[in-house]
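Encoded as structure tokens, here's the structure I'll be asking about.
The values are calculated or read from the model by the stated rules, or taken from the named source; none is laboratory data. No experiment lies behind these values; they were computed from the predicted model shown. All Cβ positions, even for glycine, are placed from backbone atoms using ideal geometry, and neighbour counts span all protein chains on display.
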Amino acid sequence: MFFSGKIIEVTKLSSDYYKTDIKLFEKISQPPKPFQFVMLWIPRKDLMPMSVADYHDNILTIIFKVRGEGTKTLAQNPGFVGVNGFYGKGIKDLYERKILFVAGGSGVAPLPYLTRYFRDKISIDVIWGFRYHHQYFDLSNIISSRSVGEIFYVAEDCVDKRFYCGKATDLYQKIIERERDKWDLVIASGPKEMLAKICEINRELDVYVNLENHVKCGLGFCGSCVLKPTSKLLCVDGPLFSCDEVAEYLSQN
Ligand code: FES
């Protein structure tokens, strides 16, 4: 379904990350599920797949990193935008799950809505890894729910003592070896190499990965988001998959 919207705010979160709130004009009858995504249309500039970072009262929030003409324009507040969605299956219902959410870079985007949607039905700890210390922002400022416990920040450039030095997968491996009974579900979201590593580290845990891929139609028609060599389509079968479902895809470079 197509919605027209107006950007009501763009907030710079850190050196590279932004958050924008979009007021949708048409009434949303069915709110999105966590991990669903939209195709965001910036008139005369771009059409981009974006995770639902948050949603309430007909206001859609997107968290993004500037990496092209479309996101550059979005950071400068283009005013009116179009939103097509909501795409993907999203996550099944969760009840009393203890979740470890591991994010790399902009893979952290679905977190606020995950916590808002399930609120006190889940408890969630977070590992968020980024390349440079100046990309950091305080996740507790964008999360409205109290279901979030510990938040671990990991920076690859290792120059800021507040952050664990290394990759999100390094810290994940360390804490999962030490405290694996603390969580009964792991959800990882970020670059493909990171997700492949997370799936490798512990095969006994219930692990789901939130994939990114090239998306065009979002409806299962064009085939551009097929997760080769499987026949799964990210836009209709995902974007969240168990490690087993996408093991072959993750093993390809
Ligand atoms: S984007 Fe066209 S089939 Fe998925």
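When the residues of the range 86-142 are filtered to those that are touching a Lys or Arg at 6+ places or on another chain (Cβ under 6 Å) and without any contact (Cβ under 8 Å) to a residue 60 or more places away in the chain, which remaining residue is nearest to Gly166 (Cα to Cα)?
This residue is Ser123.
Considering only the range 20-47, state which residues are out of contact with any Phe, Trp or Tyr (no Cβ under 8 Å at 6 or more places or on another chain) and not in a loop (DSSP other than H, G, I, E, B).
Listed by number, the residues that qualify are Asp21, Ile22, Lys23, Leu40, Trp41, Ile42, Asp46.
A further question on this structure: If we scan the range 88-99, do we find a residue that is at pLDDT below 95, aliphatic (A, V, I, L, M), outside any strand (DSSP E or B) and within 20 Å of Glu212 (Cβ to Cβ)?
yes
Give the residue that is farthest from the chain's Cα centre (by Cα), with candidates limited to residues of the range 155-190 that are surrounded by fewer than 20 Cβ atoms within 10 Å (Cβ to Cβ) and on the phi > 0 side of the Ramachandran plot.
My answer is Cys158.
Checking Phe221 against (1) more than 15 Å from Val108 (Cβ to Cβ); (2) surrounded by 13 or more Cβ atoms within 10 Å (Cβ to Cβ); (3) at pLDDT below 95; (4) within 16 Å of the ligand (Cβ to nearest atom), only one condition comes out false. Which one?
(2)
Something else: Consider Val209 carefully, then state whether it is buried (at least 20 other Cβ atoms within 10 Å of the Cβ) and of a type in the set (Val, Ile, Thr).
Numbers: buried (at least 20 other Cβ atoms within 10 Å of the Cβ): yes; of a type in the set (Val, Ile, Thr): yes.
Yes: the conditions hold for Val209.
Now, a different point. Among the residues of the range 67-77, is any crowded, with 18+ Cβ neighbours inside 10 Å, of a type in the set (D, E, K, R) and within 27 Å of Ile187 (Cα to Cα)?
No, because not a single residue in the range 67-77 is crowded, with 18+ Cβ neighbours inside 10 Å, of a type in the set (D, E, K, R) and within 27 Å of Ile187 (Cα to Cα).
I'd like to know if the range 168-182 contains one or more residues that are in a loop (DSSP other than H, G, I, E, B) and farther than 19 Å from Lys98 by Cα. It would help to see each step written out before you state the result.
Of the range 168-182, the ones in a loop (DSSP other than H, G, I, E, B) are none.
Checking the range 168-182: not a single residue is in a loop (DSSP other than H, G, I, E, B) and farther than 19 Å from Lys98 by Cα.
OK, next. Could you list, in sequence order, all residues of the range 227-244 that are surrounded by fewer than 18 Cβ atoms within 10 Å (Cβ to Cβ), under 19 Å from the mean Cα position of the chain (by Cα) and more than 7 Å from the ligand (Cβ to nearest atom)?
Ser242
Check Cys225, Cys199 and return the single one that is more than 26 Å from Gly85 (Cα to Cα) and in contact with a strand residue (DSSP E or B) (Cβ under 8 Å, 6 or more places away or on another chain).
On the way: Cys225 fails: more than 26 Å from Gly85 (Cα to Cα).
Result: Cys199 is the single residue among Cys225, Cys199 that is more than 26 Å from Gly85 (Cα to Cα) and in contact with a strand residue (DSSP E or B) (Cβ under 8 Å, 6 or more places away or on another chain).
Given the residues Asn202, Asn141, which is the only one that is over 19 Å from the mean Cα position of the chain (by Cα) and away from the ligand (no atom under 16 Å from the Cβ)? If you could, list the steps in order and put the result at the bottom.
On the way: Asn141 fails: over 19 Å from the mean Cα position of the chain (by Cα).
Just one listed residue meets the conditions, Asn202.
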